[in-house]
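One structure is given below, encoded as structure tokens.
Where a number appears in this text, it was derived from the coordinates with a stated rule and is not lab data. Everything quoted here is computed from the prediction, not taken from an experiment. Positions of Cβ are backbone-derived with ideal geometry, glycine not excepted, and every protein chain shown enters the neighbour counts.
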Amino acid sequence: MEKIITLLDSVGKITKGEQSAESYALMATILKKYPYEEIQKAVMAGLEKWIFFPTIADILELLKPQAKLASNESFDKIIAHIQRFGSSEKIPNLTETETSSLRSIGGLRGLGMSEEKDLKWKRKEFIDAFEMYYNKPDSVKALPSLKNYLKSLVRS
């Protein structure tokens with residue numbers, strides 16, 4: 001969180017809109033859910049157009065394309081794994097967001113059984129789910145698991 005505060009302080013000096021330490025800490029608390037490198041990229045892109053110190057909404061708006069990029073990379077990684085190893089072998093090192101998004105489109109086996117013509121729609125569903133789960137609180141991320149658990153209870 002210190003790195004984020006330092007970055008925001010630098011932005012304040014550059015835009016001549018320095019804020020209080022409490023403001024930086026509050027913004028950093030909101031932004032800490034994102035990887036630092038993504039925050040840094042968003043801020044660098046924003047500095048090209050910001051005249052005044054940005055609001056938290058300005059920074060978050062620039063972080064949204066990062067989620068789209070990350071979701072596409074994740075989907076491509078999963079498809080490459082299926083092509084190489086099939087859908088029965090578990091993918092190592094999936095993030096919670098990737099796991100939840102994959103589960104929401106039928107899981108690894110469901111995606112592996114999809115026809116190629118359906119992959120475009122599966123990608124869209126995956127990206128939508130990924131963006132929904134991306135940096136959500138843990139309580140929200142747990143909802144698909146709860147939903148699937150309740151479905152299994154109803155089936156039994």
Calc'd 3J(HN,Hα), the stretch 80-93, phi into Karplus 6.51 cos²θ - 1.76 cosθ + 1.60 (θ = phi - 60°), Hz, glycine/Pro = x, comes to 4, 5, 4, 5, 8, 10, x, 8, 8, 8, 5, 8, x, 6
In Å and on Cα atoms, what radius of gyration and Dmax does the stretch 15-132 show? 18.2, 56
About its Cα centre, what dipole magnitude does the chain give when the only charges are +1 on Lys and Arg Cβ and -1 on Asp and Glu Cβ, stated in debye to the nearest 20? 580 debye
Helix 36-47 against the longest principal axis of the chain: what's the angle in degrees, Cα atoms only, rounded to the nearest 10? 50 degrees
How much length, in nm to one decimal, is gained on full extension between Ser20 and Lys49, taken as 0.36 nm per residue of separation minus their Cα-Cα distance? 8.2 nm
Specify the longest stretch of the chain that does not include any exposed loop site, a site being one of the trypsin sites (Lys or Arg not before Pro) with a non-H, G, I, E, B DSSP assignment and at most 11 other Cβ atoms within 10 Å. 91-156
Which longest uninterrupted range of the chain lacks any GluC sites (Glu not before Pro) assigned by DSSP to a loop state (not H, G, I, E or B) and surrounded by at most 10 other Cβ atoms within 10 Å? 49-114
With unit charges on the beta carbons (Lys and Arg positive, Asp and Glu negative) and the dipole taken about the Cα centre of the chain, which residue among Leu31, Ala21, Thr55 sits farthest to the positive side? Leu31
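Starting from the stretch 1-73, pick out the chymotrypsin sites (Phe, Trp or Tyr not before Pro) whose DSSP state is loop and whose Cβ has at most 10 other Cβ atoms within 10 Å.
Hits after loop and neighbour filter: Phe52.
Given the pairs Lys13/Lys124; Lys49/Lys122; Lys16/Lys124; Lys33/Lys120, which are separated by over 31 angstrom at their Cα positions? Walk me through the intermediate numbers first.
Working: Lys13/Lys124 40 Å; Lys49/Lys122 35 Å; Lys16/Lys124 41 Å; Lys33/Lys120 29 Å.
With Cα atoms farther than 31 Å apart: Lys13/Lys124; Lys49/Lys122; Lys16/Lys124.
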Under unit Cβ charges (Lys, Arg +1; Asp, Glu -1), what dipole magnitude, rounded to 20 debye, does the stretch 52-128 have relative to its Cα centre? 220 debye
Rounded to a whole number of µm²/s, how large is the Stokes-Einstein D of the stretch 2-54 at 37 °C and 0.692 mPa s, given Rh as the Kirkwood radius over C-alpha pairs? 298 µm²/s
